[in-house]
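Enquirer: The structure's right below; bear with me while I get my questions together.
The values are calculated or read from the model by the stated rules, or taken from the named source; none is laboratory data. Please read all numbers here as calculations on a predicted model, not as lab measurements. Glycine also receives a Cβ, built like all others from the backbone with ideal geometry; neighbour counts cover every protein chain displayed. Please note that ligands, DNA and RNA were not included when accessible areas were found on the heavy atoms of the full protein model with its side chains. Shrake-Rupley method; radii C 1.70, N 1.55, O 1.52, S 1.80 Å.
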Amino acid sequence: MSGLAPTPVREEHFRLFFLSAVQSLLGHLEATLGSRDAAERQFPFLAGYESALARFGGAIRDLSATMAAFEARASAALPLARLRDAAALTNDDLVLLATIGLPEEDARFGFVFEALHGIAGQQRATAGLVQDWATRRGVGGARAALRKLGEQGLVTTSNQDAARAQWGLQVVPAIWDAMRGEAADAPWPWARHHLLEKLTPLGALVLAPEARVHIERLPSLIEAGEATAIVVRGPRHNGRRTVAGALARAVGAGTLVIESPGKPEEQRLRAAGAFCTLVGALPVVVLDLAAGEVADLELPPAYDGPLIVVMGRQGGAIGRAVERAVTVSLDLPGMAERREHFRAALPSQSEESIEPLAGSLRMASGNLRAAARMARSYALLASGADPVSVVTVADVRSAARSLHRPALETLTTRLPSEGDWSHLSVGAETRQELDQLTVRCRAREELGRELGAAFGGKLGSGLRALFQGPSGTGKTLAAKILAATIGKDIHRLEVSAVVNKYIGETEKNLARVFELAEELDVVLLLDEGDALLARRTGVRNSTDRYANLETNYLLQRFETFDGILIVTTNAGDLIDTAFQRRMDVVVDFRPPDVNERMRLWQLHLPPSHGVTAALLREVASRCLLSGGQIRNAVVHARVLAFDESEGVADGHLIAAVQREYRRSGGLCPLRAR
């Protein structure tokens, strides 16, 4: 696509059509009022337009010849000429369009229309008035011309509940501005226009080598007409729009980014086609689809160029607009790409410090850039406004955490990720599994490259772990310590916020959570997972059917999840066996033995406690309490000690242990004292 002609040439071209519309209107006004002098006496401002028409002389009267000569001299494509060709219009159609738009340029023309209608307040042309003009001139086809302008998205009609002849006509404001050469940055609330020179060059994109090869070949396919649409798939905030802009720039065009989450895409495309033709932009349709959803994209009217569709990994696009589409996918950036992003966002950072930053987060590229920019503020805050501060991994993690809150915390709760494995007392086998899980989390990107040919180098970076065991055995604590050990935030999925009574809404909420966890590189915790991962049942009613659909969706999403997911349950036998098979790691948490219970008491009691060693040994050996119960007992013992203004002593601990047994309905095995 060629660029716009220089501004003076565009303005002169528009002025020719505009003055032709004024001349046409003057003829109708003269016929209505009886003479040209009468028209100027009633509307004195028309004298200025008469002078302009006199300067052009016969150029306006012989419009077709004038336009042909003018356009032949132009060194680049003219917006109105481009619109005429793309929309299959004639010069007369464009003059009619300019006539309808006269009040947009000069509000005084509204009073002229009011006089021609003979109706107070009717300051726009109506369908009846346009048809009356055509009849007076002995020209047919006015109705067809109006219908064509409406179908091409150039003219809208008001008060359609009235008779057709009373329909008010208006040129779409964004289209009128573009006809004049004034392309707004936001022509509609749902669209953003980006000029060619502001788009990222194709060579400046940070891409994986394989993706770069494919993307750099696309402009030649577009210009050769081999690809009429490009579909760019991938996570949000991962450079999809940047790639779309770079492709548009490579073919000499700007972009019009059309947001259409859950909206009728064809209506917005209808409105945007003519605008893109006038300003020399490629329409970029951004789709936000859930699994199973499909967008039907028709070709935009008044536009004959390529189309770019930006969408996630789920959903699909059909329709004539994407019949000859080429699809490219953008995965989350690897280590090499993350280094490039950090170098670009933090140019003053030393090369040695870039490596740990790139290894700290596996986020979408846009989130990486945003986190890197925000990290500089955190570094300055930590260093007391020292301008030469070096951004650290802690700064980047703090910045990334601020990205989580708005998006994730509506459906999840962030848990504190702190401590280390010394704060967890579990059996040797469980601890070994947790240590191996920690190693696998850290090496999840490299693991696929180190395996045999059967994996095809595509093991993926997703990791799913199941922590199963009785309540109070440390499953949730282990998940939080794991997140702290590998330097990630951990978010617990809130089932009450995700599950929705309306069909399909639960799956959409789950999709949103999984996508955000991938894009922001957080550990996702599904606590008490048996609530969502229950066994599928026989279908006896519609409730069973839709419950099974939710389970099937989760099974599919588990397999494609590209982040770290931890599921905890104290009822592993209730979880569908298909979920068990999809777990990469299963860690069993068993009730603590006597040594582990002693360790738990020592970890939980305050350092200055006054409990005797003999009582601690007896409690650890005789009281078969879980870690959660031990925690509750210590908290209650400290409360009793507060009440007596002293430290925790034997009596407080005994009373707290007895209380735990009463709560569980058991008999306390401690010897009477």
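Enquirer: Applying the selection to region 159-189, what residues are without any contact (Cβ under 8 Å) to a residue 40 or more places away in the chain and either in contact with a Lys or Arg (Cβ under 7 Å, 6 or more places away or on another chain) or open to solvent by less than 50 Å² (accessible area, probe 1.4 Å) (or both)? Spell out the reasoning first.
Expert: To start, the set of residues in region 159-189 that are without any contact (Cβ under 8 Å) to a residue 40 or more places away in the chain comprises 159-165, 177, 182, 184-186, 189.
Listed by number, the residues that qualify are A162, A184, D185, A186.
Enquirer: OK, next. Looking at (1) closer than 27 Å to F514 by Cβ; (2) without any contact (Cβ under 8 Å) to a residue 40 or more places away in the chain, find the lone condition where V284 falls short.
Expert: For V284, the failing item is (2).
Enquirer: Check off (1) part of a helix (DSSP H, G or I); (2) open to solvent by 60 Å² or more (accessible area, probe 1.4 Å); (3) of a type in the set (K, R) for R192 and give me the number that stays unchecked.
Expert: Status for R192: all satisfied but (1).
Enquirer: So which residues in region 99-126 are in contact (Cβ under 8 Å) with a residue 40 or more places away in the chain, crowded, with 20+ Cβ neighbours inside 10 Å and of a type outside the set (D, E), if there are any at all?
Expert: Within region 99-126, the subset in contact (Cβ under 8 Å) with a residue 40 or more places away in the chain is 99-102, 104-106, 108-109, 111-112, 115-116, 122, 124-126.
So of that shortlist, the ones also crowded, with 20+ Cβ neighbours inside 10 Å come out as 99-102, 104, 109, 112, 116, 124-126.
Across region 99-126, the qualifying residues are T99, I100, G101, L102, F109, V112, L116, R124, A125, T126.
Enquirer: Same structure again: Going by the conditions given, is E197 surrounded by 14 or more Cβ atoms within 10 Å (Cβ to Cβ), free of Cβ contacts under 8 Å to residues at least 60 places away in the same chain and charged (D, E, K, R)?
Expert: Working: surrounded by 14 or more Cβ atoms within 10 Å (Cβ to Cβ): no; free of Cβ contacts under 8 Å to residues at least 60 places away in the same chain: yes; charged (D, E, K, R): yes.
When the stated conditions are applied, E197 does not pass them.
Enquirer: Please count how many residues of region 86-98 are of a type in the set (V, I, T) and surrounded by fewer than 16 Cβ atoms within 10 Å (Cβ to Cβ).
Expert: Selection size over region 86-98: 1.
Enquirer: Further, regarding this structure: Looking only at region 545-581, count every residue that is touching an Asp or Glu at 6+ places or on another chain (Cβ under 7 Å), open to solvent by 20 Å² or more (accessible area, probe 1.4 Å) and at pLDDT 80 or above and tell me the total.
Expert: So the answer is 1.
Enquirer: Now for a separate question. Just checking, does region 68-85 include any residue being open to solvent by 20 Å² or more (accessible area, probe 1.4 Å), acidic (D, E), part of a helix (DSSP H, G or I) and in contact with a His (Cβ under 9 Å, 6 or more places away or on another chain)?
Expert: Let us first name the residues in region 68-85 that are open to solvent by 20 Å² or more (accessible area, probe 1.4 Å), namely 68-77, 82, 84-85.
Then keep just the ones that are acidic (D, E); that gives 71, 85.
Then keep just the ones that are part of a helix (DSSP H, G or I); that gives 71, 85.
From what is left, the residues that are in contact with a His (Cβ under 9 Å, 6 or more places away or on another chain) are 71.
There is at least one residue in region 68-85 that is open to solvent by 20 Å² or more (accessible area, probe 1.4 Å), acidic (D, E), part of a helix (DSSP H, G or I) and in contact with a His (Cβ under 9 Å, 6 or more places away or on another chain).
Enquirer: Tell me whether region 351-359 contains one or more residues that are among the β-branched types (V, I, T), in contact with a helix residue (DSSP H, G or I) (Cβ under 9 Å, 6 or more places away or on another chain) and at pLDDT below 90.
Expert: We begin by selecting, within region 351-359, every residue among the β-branched types (V, I, T); these are 354.
Subsequent filtering for residues that are in contact with a helix residue (DSSP H, G or I) (Cβ under 9 Å, 6 or more places away or on another chain) retains 354.
Okay, now just the ones that are also at pLDDT below 90, so none.
No: zero hits.
Enquirer: What is the one condition in (1) part of a loop (DSSP other than H, G, I, E, B); (2) free of Cβ contacts under 8 Å to residues at least 60 places away in the same chain; (3) within 21 Å of E515 (Cβ to Cβ) that T410 does not satisfy?
Expert: Just one mismatch for T410, condition (2).
Enquirer: A further question follows. Tell me, please, whether a residue that is modelled with pLDDT under 70 and either surrounded by fewer than 17 Cβ atoms within 10 Å (Cβ to Cβ) or polar (S, T, N, Q) (or both) can be found in region 511-533.
Expert: Yes: one or more hits.
Enquirer: Return the residue satisfying two criteria in turn: it lies in region 380-399 and is surrounded by 15 or more Cβ atoms within 10 Å (Cβ to Cβ) and at pLDDT 85 or above, and of such residues it is nearest to G462 (Cα to Cα).
Expert: Across region 380-399, the extreme among qualifying residues is R397.
Enquirer: Please verify whether R581 is farther than 30 Å from G312 by Cα and among the basic types (K, R), treating the condition exactly as stated. Reasoning before the result, please.
Expert: Numbers: farther than 30 Å from G312 by Cα: no; among the basic types (K, R): yes.
No; evaluated as a whole, the condition is false for this residue.
Enquirer: Here's a follow-up. Please determine whether any residue of region 90-98 is at pLDDT below 85 and not in a helix (DSSP H, G or I). Outline the logic, then answer.
Expert: So in region 90-98, the residues at pLDDT below 85 come out as none.
Taking every residue of region 90-98 in turn, none turns out to be at pLDDT below 85 and not in a helix (DSSP H, G or I).
Enquirer: Of all residues in region 623-673, count the ones that are surrounded by 15 or more Cβ atoms within 10 Å (Cβ to Cβ) and of a type in the set (K, R).
Expert: Residues in region 623-673 being surrounded by 15 or more Cβ atoms within 10 Å (Cβ to Cβ) and of a type in the set (K, R): 3 in total.
Enquirer: A further question on this structure: Given (1) part of a helix (DSSP H, G or I); (2) open to solvent by 10 Å² or more (accessible area, probe 1.4 Å), identify the lone condition not met by T156.
Expert: (1)
Enquirer: Right, next: Any chance you could count how many residues in region 19-57 are open to solvent by less than 30 Å² (accessible area, probe 1.4 Å) and either over 17 Å from E105 (Cα atoms) or among the acidic types (D, E) (or both)?
Expert: 5
Residues checked against (1) at pLDDT 80 or above; (2) in a helix (DSSP H, G or I); (3) open to solvent by less than 50 Å² (accessible area, probe 1.4 Å); (4) among the hydrophobic types (A, V, I, L, M, F, W, C):
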residue: T430; (1), (2), (3), (4): yes, yes, yes, no
residue: L434; (1), (2), (3), (4): yes, yes, yes, yes
residue: E446; (1), (2), (3), (4): no, yes, no, no
residue: G460; (1), (2), (3), (4): no, no, yes, no
residue: G472; (1), (2), (3), (4): yes, no, yes, no
residue: A483; (1), (2), (3), (4): yes, yes, yes, yes
residue: K488; (1), (2), (3), (4): yes, no, yes, no
residue: A497; (1), (2), (3), (4): no, yes, yes, yes
residue: Y502; (1), (2), (3), (4): no, no, no, no
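Enquirer: For region 314-326, does any single residue satisfy the condition of being open to solvent by less than 10 Å² (accessible area, probe 1.4 Å) and touching a strand residue (DSSP E or B) at 6+ places or on another chain (Cβ under 6 Å)? Even if it seems obvious, please write down each step before you answer.
Expert: Applying the first criterion (open to solvent by less than 10 Å² (accessible area, probe 1.4 Å)) to region 314-326 yields 321.
When the remaining residues are screened for being touching a strand residue (DSSP E or B) at 6+ places or on another chain (Cβ under 6 Å), the result is 321.
Yes: region 314-326 contains one or more residues that are open to solvent by less than 10 Å² (accessible area, probe 1.4 Å) and touching a strand residue (DSSP E or B) at 6+ places or on another chain (Cβ under 6 Å).
Enquirer: Helices (runs of 4 or more DSSP H) wholly in region 576-673 with at least 2 residues that are without any contact (Cβ under 8 Å) to a residue 40 or more places away in the chain, on the phi < 0 side of the Ramachandran plot and touching a helix residue (DSSP H, G or I) at 6+ places or on another chain (Cβ under 6 Å) - which ones? Break it down into steps so the answer makes sense when it comes.
Expert: Working: elements: 577-582, 594-604, 613-622, 627-643, 650-664.
Qualifying helices (runs of 4 or more DSSP H): 594-604, 613-622, 627-643, 650-664.
Enquirer: Sticking with this one: Looking at L297, L287, which is the one that is farther than 25 Å from D562 by Cβ and of a type in the set (A, V, I, L, M, F, W, C)?
Expert: L297
Enquirer: Within region 208-225, track down each residue that is open to solvent by less than 30 Å² (accessible area, probe 1.4 Å), of a type in the set (A, V, I, L, M, F, W, C) and out of contact with any Pro (no Cβ under 6 Å at 6 or more places or on another chain).
Expert: A211, I215, L218
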